[in-house]
């Protein structure tokens, strides 16, 4: 198992990479404790261009049917084509991050996604990205407000504009144009928070660490609140259909998946994000007035889940 | 239901469109007769830029679990970005074609795909494309040879180089680089057979008609030969896993899907190609020596399913 750190071309790389490694461990321990029924299996892999990854995948848990918490710190030179597609300022890159997707067994527990990442490009630019979003199979509006409130609280500790900006960014990013649906109830998403432009390395990294550390407590609370709710075949079928939308997003739209596959990432680690079972029916539409239709009605941009204090935002 | 033909900017458009419309009807009748357990449901739709389509979808048949035979004749102007992505010589386009994907219920009957299409671009270029390929869940090598032999026979009536060239093209096109697997045992694939350059409109259209007309007899024979073979849960699970690869290809790689979604095609018609049920497991590998491993071993480029007569190819 490769345990070497990268040769640090910058102290920031080592700092980010070390935190990411420890964060993965911590988060997996939290999720194992909350699930109570299984443990993560670990696969280490080497990246062709340079660097390595540690994939932690869990299957058949008490709450989580399938989930992955992936760490990687990789570098190399991507093709000109890939650099263009991925809007990279330069084909040389260093990237480290932790990426999480959790598919609970019960349709009453939302699917969760979290990612924190640090990039350096060959031209000297460095930036952070990340976010947290959830995809309920059935939207519980009170929980959706609570979830967004937690993200708002994390963001406002760092910058008053962060939550409104990153909430809107999540609405735009986690969107399936061909379905005219958001993937779920969103959350926060941010990319290219550039060192020097958007804050110092220390300031931006502190925010990203806070986002990462917020995820475990928020999601284990959602697991706890919903795991015992009853459901039947109807709810499971709706879950498989909604998981189909999740697969459509990850395979056809998500830039992170494209980046991973284009830069020679480990396919099984990248595609651990795909749901365990999926169904696609032709022209399936929920009945008017049904709980499924109520959920669909929430899957749109610009739902104001949190009342933002205007005087604060204006700062 | 819109039944108007397009305003013919060229006689060739009308000729191609009219044949495509009738071909869809004929093929659906053949498939209904072969299935024996259900009929196609028809949905007509209008295209925003201009033109229309007729989607014929079948679900819960005796052999076919889900399948679609889509006709469309559409035109418009695509965005500069879409034109670049799709390598179009010009953003203005006319496109007519029939596109087929059939997902049989039994894992012993291969998934089938067929497409024939005619394009005109705003700069005056016109071309044909198309192909037939199958994706067996379990490869039967004798049948694979028979299948390729049929395509070889169709191709050689038109040009001695067609089969070897279009067989190789299918190997390249229906390939999942992140899995290092072909989607199935291939078949033939061709694009941009350009009027004036690769033959006259009449010559190229005659070939495309032959490809289209070959599909019904070939695939109904495969349905007939395999529909009564026994299978159990093991084979069905392998089917759901292989269908996952099919979904990965169609959502992440296929240019036809991208073209449809980028140019505002009807989502339900385009994504009828997605399998009814799919499973994604982490790191699933078939046991060495199993029938599943034998199938995987066939899913690579350059398998010579047909012995090509060298003197003929050299013509």
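The values are calculated or read from the model by the stated rules, or taken from the named source; none is laboratory data. Just so you know, these numbers come straight off a predicted model, no measurement behind them. Here Cβ is always computed from backbone atoms with ideal geometry, including for glycine, and neighbour counts include all displayed protein chains.
Out of all the residues in the range B:76-101, which are assigned to a loop (DSSP other than H, G, I, E, B), within 17 Å of residue B:191 (Cβ to Cβ) and without any contact (Cβ under 8 Å) to a residue 60 or more places away in the chain?
Scanning the range B:76-101 gives B:87, B:88, B:89, B:90.
Taking into account only those residues within the range A:274-300 that are at pLDDT below 95 and within 23 Å of residue A:185 (Cβ to Cβ), which is surrounded by the most Cβ atoms within 10 Å (Cβ to Cβ)?
A:284
Being more than 14 Å from every other protein chain (Cβ to nearest Cβ) and surrounded by fewer than 20 Cβ atoms within 10 Å (Cβ to Cβ) is the filter here; which residues of the range A:54-69 pass it?
A:62
Out of the residues in the range B:29-42 meeting the condition of being surrounded by fewer than 18 Cβ atoms within 10 Å (Cβ to Cβ), touching a residue at least 12 places away in the same chain (Cβ under 8 Å) and farther than 13 Å from residue B:219 by Cα, tell me which one is nearest to the other protein chains (Cβ to nearest Cβ).
Per the stated criteria, the residue is B:41.
Among the candidates A:184, A:124, A:130, single out the residue that is at positive phi and either within 15 Å of the chain's Cα centre (by Cα) or modelled with pLDDT of 95 or more (or both).
A:130
Condition check: assigned to a strand (DSSP E or B) and either away from chain B (no Cβ under 14 Å) or surrounded by fewer than 16 Cβ atoms within 10 Å (Cβ to Cβ) (or both). Does residue A:72 satisfy that?
Spelling it out, residue A:72 is indeed assigned to a strand (DSSP E or B) and either away from chain B (no Cβ under 14 Å) or surrounded by fewer than 16 Cβ atoms within 10 Å (Cβ to Cβ) (or both).
Report yes if some residue within the range A:187-203 is under 27 Å from residue B:66 (Cβ atoms), surrounded by fewer than 17 Cβ atoms within 10 Å (Cβ to Cβ) and out of contact with any strand residue (DSSP E or B) (no Cβ under 9 Å at 6 or more places or on another chain); otherwise report no.
no
Go through (1) farther than 30 Å from residue A:85 by Cα; (2) in contact with a strand residue (DSSP E or B) (Cβ under 8 Å, 6 or more places away or on another chain); (3) part of a helix (DSSP H, G or I) one by one and return the number of the condition residue A:294 breaks.
(2)
What is the residue count in the range B:122-153 for residues that are closer than 20 Å to residue B:194 by Cβ and buried (at least 18 other Cβ atoms within 10 Å of the Cβ)?
Of the residues in that region, 6 qualify.
Need a quick list: helices (runs of 4 or more DSSP H) entirely within the range B:222-286 having at least 1 residues that are away from chain A (no Cβ under 13 Å) and under 20 Å from residue A:243 (Cβ atoms).
Here the list reads B:233-248.
Quick one: is residue A:303 within 21 Å of the chain's Cα centre (by Cα), crowded, with 21+ Cβ neighbours inside 10 Å and more than 9 Å from every other protein chain (Cβ to nearest Cβ)?
Judged against the criteria, residue A:303 is not a match.
May I ask you to verify whether residue B:160 is assigned to a loop (DSSP other than H, G, I, E, B) and touching a strand residue (DSSP E or B) at 6+ places or on another chain (Cβ under 7 Å)?
Against the criterion (assigned to a loop (DSSP other than H, G, I, E, B) and touching a strand residue (DSSP E or B) at 6+ places or on another chain (Cβ under 7 Å)), residue B:160 does not qualify.
Which numbered condition in (1) surrounded by fewer than 21 Cβ atoms within 10 Å (Cβ to Cβ); (2) touching a helix residue (DSSP H, G or I) at 6+ places or on another chain (Cβ under 8 Å) is the only one that residue B:233 fails?
Single failed check for residue B:233: (2).
Could you tell me whether any residue of the range B:116-123 is touching a strand residue (DSSP E or B) at 6+ places or on another chain (Cβ under 7 Å) and not in a strand (DSSP E or B)?
Among the residues of the range B:116-123, at least one is touching a strand residue (DSSP E or B) at 6+ places or on another chain (Cβ under 7 Å) and not in a strand (DSSP E or B), which makes the answer yes.
Quick check, is residue A:219 under 18 Å from the mean Cα position of the chain (by Cα), crowded, with 17+ Cβ neighbours inside 10 Å and more than 23 Å from residue A:63 (Cβ to Cβ)?
Judged against the criteria, residue A:219 is not a match.
Of the conditions (1) touching a strand residue (DSSP E or B) at 6+ places or on another chain (Cβ under 8 Å); (2) surrounded by fewer than 22 Cβ atoms within 10 Å (Cβ to Cβ); (3) outside any strand (DSSP E or B), residue A:24 fails just one. Which one is it?
For residue A:24, the exception is condition (2).
All but one of (1) farther than 25 Å from residue B:28 by Cα; (2) touching a residue at least 24 places away in the same chain (Cβ under 8 Å) hold for residue B:142; state the number of the condition that does not hold.
(2)
Out of all the residues in the range B:48-66, is one or more in contact with a strand residue (DSSP E or B) (Cβ under 7 Å, 6 or more places away or on another chain), under 25 Å from residue B:206 (Cα atoms) and touching a residue at least 60 places away in the same chain (Cβ under 8 Å)?
Looking through the range B:48-66, at least one residue is in contact with a strand residue (DSSP E or B) (Cβ under 7 Å, 6 or more places away or on another chain), under 25 Å from residue B:206 (Cα atoms) and touching a residue at least 60 places away in the same chain (Cβ under 8 Å).
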